[in-house]
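Working notes, beginning with the structure itself.
Please treat every number below as a calculation from the coordinates, not as lab data. Just so it is clear, the structure is predicted and the values come from calculations on it, not from any experiment. Because the Cβ atoms are built from the backbone with ideal geometry, glycine has one as well, and the counts that use them run over all protein chains shown.
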Amino acid sequence: MEQSTGKHKIVGYWFNEQKCQKFGVQDLTAACKRRGIQLVKIDMNSHLEDQGPFDLILHKVTALYAQALNNNQKATNALSMFENYLKKHPETFVMDPLPGVHKLLLRNQTYELLRQHFKHDEKVFTPTYVELSTRNIQENAKLVKQANVTFPVVCKPVTGGGGVEAHEMAVVFNEVGLSEFRLPCVAQSFINHGAVLYKLFVLGPVWFVIVRPSLKNFYAGEQETVFFNSSSVSKADSQSPLNQLDPDDMEDDLPKADPAIFNRIVTSLREALNMDLLGIDVIIDSNTGKYGIIDVNAFPSYDSVPNLMEHLVDLLVMRMDHPTPEGIEQVAESKKIPTFTSSDHPQEDSGVDTG
């Protein structure tokens, strides 16, 4: 099948209904139209050959993969059709390529990639972690110790990017508490970070940092397990008691954020994953000043990113005009890094240029 010709470029997209509503597809359609791009919704229940051709496919299929991992046959069939279409049409640029997306489906795989990729970086790390699949307290204690995981720990669902469930987590303070969380899970050492989360939103060679509230400092002990939704705790306007520092911790000076280190993280992960659309959650260790990557997501919300649709359409145009997916070379365009801090959650001077 020939590629689309003529004045208009055709971008096929697939998001689930929740993503369509939250992301603002109508705004994206209007922004595309202004640039001569026709945005077409892909129907995963029909043959893609009858819907194309496409110059580019924009997708968020992680939700389908999460369903397929839970033995949802409809999702499995849709993904099989989608993957087969992409194999038959290498001329169609895919945002983002599936091999990179696959590496972000399971948190333990993501953390292993991060561990390997940054093991020689003196300032960037991912907290130690271990996958747990049993409620046996002695077995879990052994696994935690072997992996150098320290209490308190954050227990997270193994599957990332699968909807609301992926954000349901718990802070666990001792071995007994490990048996209280839904299994299987990833238990990751909790790092005190002054209740500040840096969300790096990547749009190809352009990235933004949004400062958000995060969990307050916690310490090991005999406390009861704290269950929380990470999305709710880190909303810009969140007033959860879980993100309010205790009086003693308020006296500590927070390390200042260095945009150059954020840029290094973005550059490295774009190269490792060969992806354009990334959300990277970073904390700064209150004790060491090191930068901990605690999650990486494909095609994030981009909540609070200014002029989002214009930036995204710029990226779509760039990829259709110059489809070579050499991520590291294109990061060179980020010498003047646009950064943005959400005014909904003002912080002390973070060291990030918000001008």
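The H on the amide N of Tyr13, modeled in the peptide plane, is under 5 Å from the matching H of Val40, Lys41, Ile42, Leu58, each at least 5 residues off or on a different chain. Proximity of backbone amide H atoms, modeled 1.01 Å from N, is registered between Ser238 and no other residue at under 5 Å, excluding neighbours fewer than 5 places apart on the same chain.
For the chain, the relative contact order comes to 17 percent (Cα pairs under 8 Å, sequence separation of at least 6). Computed from phi, the 3J(HN,Hα) profile of the range 256-270 under the Karplus parametrisation 6.51, -1.76, 1.60 (θ = phi - 60°) reads 7, 6, 10, x, 5, 6, 4, 5, 5, 5, 4, 4, 5, 6, 4 Hz, with x in place of Gly and Pro. Between 0 and 90 degrees, the angle of helix 137-146 with respect to the longest Cα principal axis of the chain falls at about 80 degrees.
Shape class of the range 200-305 from the alpha-carbon gyration tensor: prolate, with a/c at 1.5 or above and a/b greater than b/c.
Note on Gln18 and Glu83: the model spin-label points, each 7 Å out from Cα along the C-beta direction, lie 2.3 nm apart.
Computed over the Cα atoms of the range 235-277, pair by distinct pair, the Kirkwood hydrodynamic radius stands at 13.7 angstrom. Our helix-only sum for the chain, with -39,500 (n - 2.57) per DSSP H run of n ≥ 4 divided by its residues, gives a mean residue ellipticity at 222 nm of -8500 deg cm²/dmol. The amide H of Asp295, built 1.01 Å from its N in the peptide plane, has Asp281 as neighbours under 5 Å, considering only residues 5 or more places off or on other chains. Our coupling estimate for the range 294-299, obtained by passing each phi through the Karplus curve with A = 6.51, B = -1.76, C = 1.60 and θ = phi - 60°, is 10, 6, 9, 10, 7, 6 Hz, Gly and Pro reported as x. Which residues among the range 282-313 fall inside the zone where the amide N is under 19 Å from a point 7 Å beyond the Cα of Gln223, along Cα→Cβ? Counting backbone N atoms under 19 Å from the label point, the list is 283-288. Per residue, the convex hull spanned by the alpha carbons of the range 114-216 comes to 131 Å³. Think of the range 42-122 as a dipole: +1 on every Lys or Arg Cβ, -1 on every Asp or Glu Cβ, centred on the Cα centre; then among Asn108, Asn72, Leu86, Asn108 lies furthest on the positive end.
Across the range 229-246, coupling constants 3J(HN,Hα) worked out from phi with the 6.51/-1.76/1.60 Karplus curve, θ = phi - 60°, read 9, 4, 5, 5, 5, 9, 5, 4, 9, 5, 10, 5, x, 6, 10, 9, 4, 5 Hz, and Gly and Pro carry x. Quotient of the Cα radius of gyration of the range 10-167 and 2.2 N^0.38 Å, N being its number of residues: 1.29. Which of the three applies to the range 103-163, rounded, prolate or oblate, going by the alpha-carbon gyration tensor with a ≥ b ≥ c and a/c under 1.5 meaning rounded? Judged from the Cα gyration tensor, the range 103-163 comes out oblate (a/c at least 1.5, b/c at or above a/b).
Of the listed values (i) 21.9, 73; (ii) 20.9, 68; (iii) 20.5, 77, identify the label whose number matches Rg and Dmax of the Cα atoms in Å calculated from this model. Step by step, Rg and Dmax of the Cα atoms in Å for this structure corresponds to label (ii). Of the residues Val124, His167, Leu183, the one whose Cα sits farthest towards the positive end of the charge dipole of the range 117-188 is Val124 (charges of +1 on Lys and Arg Cβ, -1 on Asp and Glu Cβ, taken about the Cα centre). Shape verdict for the range 1-72, please, from the Cα gyration tensor: rounded (a/c under 1.5), prolate (a/b greater than b/c) or oblate. Judged from the Cα gyration tensor, the range 1-72 comes out oblate (a/c at least 1.5, b/c at or above a/b).
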